[in-house]
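Everything on this sheet refers to the single structure shown next.
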Amino acid sequence: MKTHIDEKLISYLENLSYLTLTEEEKERLTGDLGEILEHMAQIGELDTEGVSERSHPFDNVNAFREDVVTESLERELLLRNAPESNGEMIIAPQTVE
């Protein structure tokens, strides 16, 4: 299936993306989209017989470490390095009003 990139399609994409393109940009986009579709067509011609479908290039997915409870640092030690604290937690400057 070959998609023809014409002025109508470019105008549709321009409207869909809320862009305003110059005539020069439209011409360049027409050529670029044509090249992209040609490359996609080449990929579609590859022999994938016997190749399983994949959603990820690696077999190991969600390889998380064990959730192990360990000793934490002492609060007093951590608060000593903070620019400002109230004895319980670090006081940081307000970032959102």
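Since every read-out is calculated from the coordinates, none of them should be taken as a lab result. All figures in this text were calculated on a predicted structure; none of them were measured in a lab. We place every Cβ from the backbone using ideal geometry, glycine too, and count neighbours over all the protein chains shown.
Consider Lys26 against the criteria (1) exposed (fewer than 11 other Cβ atoms within 10 Å of the Cβ); (2) touching a residue at least 12 places away in the same chain (Cβ under 8 Å): it satisfies all of them except one. Which criterion is unmet?
(1)
What are the pairs, 6+ residues apart or on separate chains, where a residue within the range 1-23 that is closer than 27 Å to Ile43 by Cβ and touching a residue at least 12 places away in the same chain (Cβ under 8 Å) has its Cβ under 8 Å from a residue that is of a type in the set (S, T, N, Q) and surrounded by fewer than 10 Cβ atoms within 10 Å (Cβ to Cβ)?
Close Cβ pairs satisfying both conditions: Glu14/Thr20.
Being touching a strand residue (DSSP E or B) at 6+ places or on another chain (Cβ under 9 Å) and charged (D, E, K, R) is the filter here, so list the residues in the range 81-96 that pass it.
Hit for the range 81-96 is Glu84, nothing else.
Can you name the residue in the range 29-39 that is in contact with a helix residue (DSSP H, G or I) (Cβ under 9 Å, 6 or more places away or on another chain) and not β-branched (Val, Ile, Thr) and is also surrounded by the fewest Cβ atoms within 10 Å (Cβ to Cβ) among such residues? Steps first, answer last, please.
Within the range 29-39, the subset in contact with a helix residue (DSSP H, G or I) (Cβ under 9 Å, 6 or more places away or on another chain) is 29-30, 33.
Those still in the list that are not β-branched (Val, Ile, Thr) too: 29, 33.
Values: Leu29: 17, Leu33: 15.
The qualifying residue surrounded by the fewest Cβ atoms within 10 Å (Cβ to Cβ) is Leu33.
How many of the residues in the range 5-26 are within 18 Å of Glu38 (Cα to Cα) and hydrophobic (A, V, I, L, M, F, W, C)?
3
Quick grid of which residues meet (1) exposed (fewer than 10 other Cβ atoms within 10 Å of the Cβ); (2) farther than 30 Å from His4 by Cβ:
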residue	(1), (2)
Ile43	yes, no
Asp47	yes, no
Ser55	yes, yes
Asp59	yes, yes
Thr70	yes, yes
Leu77	yes, yes
Ala82	no, yes
Glu88	yes, yes
Glu97	yes, yes
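Hey, can you tell me all the residues within the range 32-55 that are under 26 Å from Ser11 (Cα atoms) and free of Cβ contacts under 8 Å to residues at least 12 places away in the same chain?
Start the filter on the range 32-55 by keeping residues that are under 26 Å from Ser11 (Cα atoms), which leaves 32-41.
Hits for the range 32-55 are Asp32, Glu35, Ile36, Glu38, His39, Met40.
When both residues are 6+ apart or on different chains and their Cβ atoms are under 7 Å apart, which pairs have a first residue that lies in the range 84-95 and is without any contact (Cβ under 8 Å) to a residue 24 or more places away in the chain, and a second that is hydroxyl-bearing (Ser, Thr, Tyr) and surrounded by 11 or more Cβ atoms within 10 Å (Cβ to Cβ)?
Correct list of pairs: Ile91/Ser85.
Which condition breaks for Gly34 when tested against (1) more than 30 Å from Ala92 (Cβ to Cβ); (2) under 22 Å from the mean Cα position of the chain (by Cα)?
Evaluating Gly34 over (1) more than 30 Å from Ala92 (Cβ to Cβ); (2) under 22 Å from the mean Cα position of the chain (by Cα) leaves (2) as the failure.
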